[in-house]
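Engineer: Dropping the structure in here first, questions after.
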Amino acid sequence: MISKVQVEIYLSKSRFIRGLQCHKSLWLYKYKPELRTLPDESLLVIFNAGADVGLLGQNLFPGGVAIGFEDSSFQEKIEKTKALIERGVKTIYEATFQHDGVLVMVDILHKGHQGWDIYEVKSTTEVKDIHLPDLAIQYYVLQGSGLNVSKACLVHINNKYVRQGELDVRNLFTISRMTGDVKEYQNQLRKDLVAMKKMLRGKCPAIDIGPQCSDPYECDYMEHCWSHVPHPSVFDITRLKAERKFGLYYQGILKFKDIPDDYPLNSAQRMQVKAEITGKSFINKQQIEEFISSLYYPLYYLDFETFKNAIPPYEGLKPYENIPFLYSIHYQERESGKLAHIEFLAKEGTDPREVIAKHLTEEMPSKACVLTWNMSFEKNIISTLADRFPKYAKRLMSIHDSIIDLMVPFQKKYYYTKEMNGSYSIKAVLPALVPELSYDNFEISNGDMASNTYATLNLIQDKEQIKRIRKALLEYCKLDTLAMVKIVEKMRSLAGI
């Protein structure tokens with residue numbers, strides 16, 4: 001028997017998870033929503049992927065009835081769920097329940113042999129610690145509503161799956177049973193609920209910033225809670241472990257100038273601190289000269305843009321495998337030769353891999369010196385294309401084997417200036433070396449935005465809008481390779497070459 005619907009709701013499943021991470025975040029979410037930072041492009045990609053995976057997961061239990069996301073209230077969703085159960089429906093998607101002031105929506109509720117089974121669908125490739133309380137709160141509410149829950153399971157992506165022909169949903173997903181752990185967690189869960197409800201009846205908790213701000217998720221109140229932290233600060237020290245950063249912070253050390261001289265840092269970290277305090281740039285002309293001397297002509301600068309999906313859209317793909325859809329190449333045939341540019345953007349809504357392989361091998365000579373930034377990315381793309389399309393493999397691997405990584409001189413600190421803020425990404429190095437060249441004024445300004453834009457481009461009907469977006473994608477990728485050209489020019493100047 002399902003208990004009568006109560007009126008007051010203190011928490012939802014997502015709010016409970018938020019409260020586990022930080023009570024202050026939960027309080028702010030309830031009383032100060034205007035202080036939240038809206039999700040950026042990378043988070044939107046994750047949210048969209050999660051929604052797609054959730055819908056696909058319903059195919060594991062076909063023929064169910066969905067509680068819609070229309071304008072109906074939660075009260076109506078709860079009543080509809082109750083009515084479907086009483087009617088004998090065996091599978092309900094987004095089944096909605098409320099108990100003890102907590103609201104939950106179950107991805108898949110299925111009537112098993114011994115009772116009702118809960119299936120929570122996630123786009124991750126493994127079970128994570130945070131998934132236990134996620135399932136446990138659903139179990140608590142459903143049991144409290146009078147439903148006999150016999151099984152609690154997490155449905156997640158099988159990263160070993162390779163698509164062959166039609167999508168095989170049963171092999172795409174892995175179902176992990178967590179019923180025993182969920183039951184064992186119930187006592188702790190009740191204590192957590194009591195603590196959260198009490199906290200929400202009081203003033204904002206006086207909780208300082210700490211590791212909880214980004215574990216397990218980056219909190220959307222960080223901009224508010226971290227407003228007292230200067231930039232740069234000890235939190236910007238490259239590759240310094242979080243516990244050491246907070247150790248400095250809790251001692252009242254925030255600025256680089258306040259770090260004790262005998263505080264243990266590696267050479268790169270010490271260089272970063274010294275550059276920030278003194279404003280001095282560090283230039284190893286000999287190492288830069290040796291790097292520049294390793295380059296030869298014809299010289300090609302290459303950059304790919306890719307997208308990836310939890311659900312493999314094409315033959316031979318694994319979940320989350322990078323799919324190249326765009327490349328930009330700047331090149332010089334000889335040292336004093338004219339700089340030229342070529343590019344290719346695949347048609348949206350189609351498998352772009354073979355056409356990318358074909359055009360790339362036609363446009364790049366076999367004995368060129370190829371410069372990329374973070375070469376492991378481009379090398380992986382090229383070797384994967386070679387494996388997939390054997391007729392292009394020889395030419396592709398010739399390109400692969402000719403790649404030199406332009407990131408290395410900055411990763412190894414042959415050149416460092418405080419404007420790089422401890423980073424050796426191209427987005428940090430470019431404004432430091434070539435401040436007149438910037439991504440700021442571009443419609444598409446980072447890789448996540450480019451990936452998400454292309455992945456959804458086929459859904460747009462307006463041809464003029466598609467044309468504008470394709471142009472923006474090309475402009476963004478073109479800047480990546482032009483940036484490498486300008487950085488090499490600056491390195492030559494620094495080394496006096």
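Engineer: What 222 nm value per residue comes from the helices of the chain, counting each DSSP H run with n ≥ 4 as -39,500 (n - 2.57) and dividing by all residues, nearest 500 deg cm²/dmol? Could you put the intermediate results ahead of the total?
Structural biologist: Working: 19 runs with 210 residues, N = 497.
It comes out at -13000 deg cm²/dmol, rounded to the nearest 500.
Engineer: Label points 7 Å out from Cα along the Cβ direction at GLU315 and ASP401: separation in nm?
Structural biologist: Spacing of the two 7 Å Cα→Cβ label points: 2.9 nm.
Engineer: Ok, one more. If the reach is capped at under 16 angstrom between alpha carbons, list the lysines near LYS111, excluding any in the same chain fewer than eight residues apart.
Structural biologist: Excluding near neighbours in sequence, the set is LYS82, LYS90, LYS151.
Engineer: What percent does the relative contact order of the chain come to when contacts are Cα pairs within less than 8 Å and at least six residues apart? Numbers along the way, then the final one.
Structural biologist: Values: 766 pairs, mean separation 65.8, N = 497.
It rounds to 13 percent for the chain.
Engineer: Tell me the angle of helix 267-278 to the major Cα principal axis of the chain, expressed in degrees between 0 and 90 and rounded to the nearest ten.
Structural biologist: Once rounded, one gets 80 degrees.
Engineer: Apply the Karplus parameterisation 6.51 cos²θ - 1.76 cosθ + 1.60, with θ equal to phi minus 60°, to every residue of region 446-457 and state each ³J(HN,Hα) to the nearest whole Hz, in sequence, with x for glycine and proline.
Structural biologist: 7, x, 4, 5, 4, 4, 5, 5, 5, 4, 10, 5
Engineer: Cross-link list LYS13/LYS463; LYS413/LYS471; LYS128/LYS191; LYS280/LYS471; LYS318/LYS478: which exceed 32 angstrom alpha carbon to alpha carbon? Could the numbers behind the result be given before it?
Structural biologist: Details: LYS13/LYS463 41 Å; LYS413/LYS471 35 Å; LYS128/LYS191 22 Å; LYS280/LYS471 40 Å; LYS318/LYS478 28 Å.
With Cα atoms farther than 32 Å apart: LYS13/LYS463; LYS413/LYS471; LYS280/LYS471.
Engineer: Subtracting the Cα-Cα distance from 0.36 nm times the residue separation, let me have the gained length for ILE466 to GLU166 in nm, one decimal.
Structural biologist: Working: separation 300, 0.36 × 300 = 108.00 nm, distance 2.85 nm.
The ILE466-GLU166 span can extend by a further 105.2 nm.
Engineer: Simple spin-label model, 7 Å along Cα-to-Cβ: VAL89 to HIS341 in nm?
Structural biologist: Result: 5.5 nm between the two label points.
Engineer: Something else now. Identify the residues of region 405-448 with backbone N under 14 Å of a label point that sits 7 angstrom from the Cα of PHE282 along the Cα-to-Cβ direction, or state none.
Structural biologist: 409-424
Engineer: Measure up LYS255/LYS418; LYS308/LYS379; LYS255/LYS427 against 19 Å on the Cα-Cα distance and list the ones that go over.
Structural biologist: Long pairs (Cα-Cα over 19 Å): LYS255/LYS427.
Engineer: Treating the beta-carbon of each Lys and Arg as +1 and of each Asp and Glu as -1, no other charges, what is the dipole magnitude of region 11-200 about its Cα centre, to the nearest 20 debye? Walk me through the numbers before you get to the answer.
Structural biologist: Numbers: 25 positive and 22 negative charges, 126 e Å.
Dipole of region 11-200, to the nearest 20 debye: 600 debye.
Engineer: A follow-up question, please. Kindly work out what percent of the DSSP beta bridges joining two residues of region 11-200 are antiparallel, to the nearest 5.
Structural biologist: Beta bridges within region 11-200, antiparallel portion: roughly 65 percent.
Engineer: Sticking with this structure for a sec: Need one word for region 172-307: rounded, prolate or oblate. Basis is the Cα gyration tensor (sqrt eigenvalues a ≥ b ≥ c); a/c below 1.5 gives rounded, then a/b vs b/c decides. Please report the intermediate quantities before stating the final value.
Structural biologist: Values: a/c = 3.03, a/b = 1.56, b/c = 1.94.
Because a/c hits 1.5 or more and a/b fails to exceed b/c, region 172-307 counts as oblate.
Engineer: What are the radius of gyration and Dmax of the chain, computed over its Cα atoms and given in Å?
Structural biologist: Looking at the chain, its Cα Rg and Dmax stand at 26.9, 83 Å.
Engineer: Among VAL194, SER214, ALA472, which residue has its Cα positioned farthest towards the positive end of the charge dipole of the chain, with +1 placed on the Cβ of Lys and Arg, -1 on the Cβ of Asp and Glu, and the dipole taken about the Cα centre?
Structural biologist: Selected residue: VAL194.
Engineer: Here is a further query. With charges only on Cβ, +1 for K and R and -1 for D and E, what is the dipole size of region 229-280 about its Cα centre, in debye, rounded to 20?
Structural biologist: Values: 9 positive and 6 negative charges, 30 e Å.
That gives region 229-280 a dipole magnitude of about 140 debye.
Engineer: How long is the gain from GLU126 to LYS257 if the chain were fully straight, where each residue apart is worth 0.36 nm and the alpha carbon distance is subtracted?
Structural biologist: Working: separation 131, 0.36 × 131 = 47.16 nm, distance 4.24 nm.
That works out to 42.9 nm of additional length.
Engineer: Roughly what % antiparallel, to the nearest 5, for the DSSP beta bridges in the chain? Walk me through the intermediate numbers first.
Structural biologist: On the way: 34 of 50 bridges.
So the antiparallel bridges in the chain amount to around 70 percent.
Engineer: Separate question: Before anything else, pin down the relative contact order of region 151-271: Cα pairs under 8 Å, at least 6 apart, normalised by residue count, whole percent. Numbers along the way, then the final one.
Structural biologist: Working: 71 pairs, mean separation 20.1, N = 121.
Relative contact order for region 151-271 comes out at 17 percent.
Engineer: Could you give the length gained on full extension between LYS391 and LYS412, defined as 0.36 nm per residue of separation minus the Cα-Cα distance, in nm?
Structural biologist: Values: separation 21, 0.36 × 21 = 7.56 nm, distance 3.75 nm.
Taking 0.36 nm per residue and subtracting the Cα distance, the gain is 3.8 nm.
Engineer: Per the Kirkwood definition applied to all pairs of different Cα atoms, how many angstroms is the hydrodynamic radius of region 11-200? Each step should come with its number before you reach the end.
Structural biologist: Working: mean 1/r = 0.0567 Å⁻¹.
With all distinct Cα pairs of region 11-200 included, I get 17.6 Å.
Engineer: Would you work out the charge dipole size for the chain about its Cα centre, treating the Cβ of every Lys and Arg as +1 and the Cβ of every Asp and Glu as -1, and quote it to the nearest 20 debye? Don't jump to the answer; show the numbers that get you there.
Structural biologist: Working: 64 positive and 62 negative charges, 171 e Å.
Value, rounded to 20: 820 debye.
Engineer: Let me ask you something else. Could you check the spin-label model distance between ASP440 and ASP181? Points 7 Å from the Cα along Cα→Cβ, value in nm.
Structural biologist: 4.6
Engineer: When only Cα pairs under 8 Å and 6 or more residues apart are kept, what is the percent relative contact order across region 332-434?
Structural biologist: Values: 92 pairs, mean separation 22.7, N = 103.
Relative contact order comes out at 22 percent.
Only the coordinates and a few stated rules stand behind these numbers; no lab work does. Here the structure is a predicted model, which is why all the values come from computation and not from measurement. Here Cβ is always computed from backbone atoms with ideal geometry, including for glycine, and neighbour counts include all displayed protein chains.
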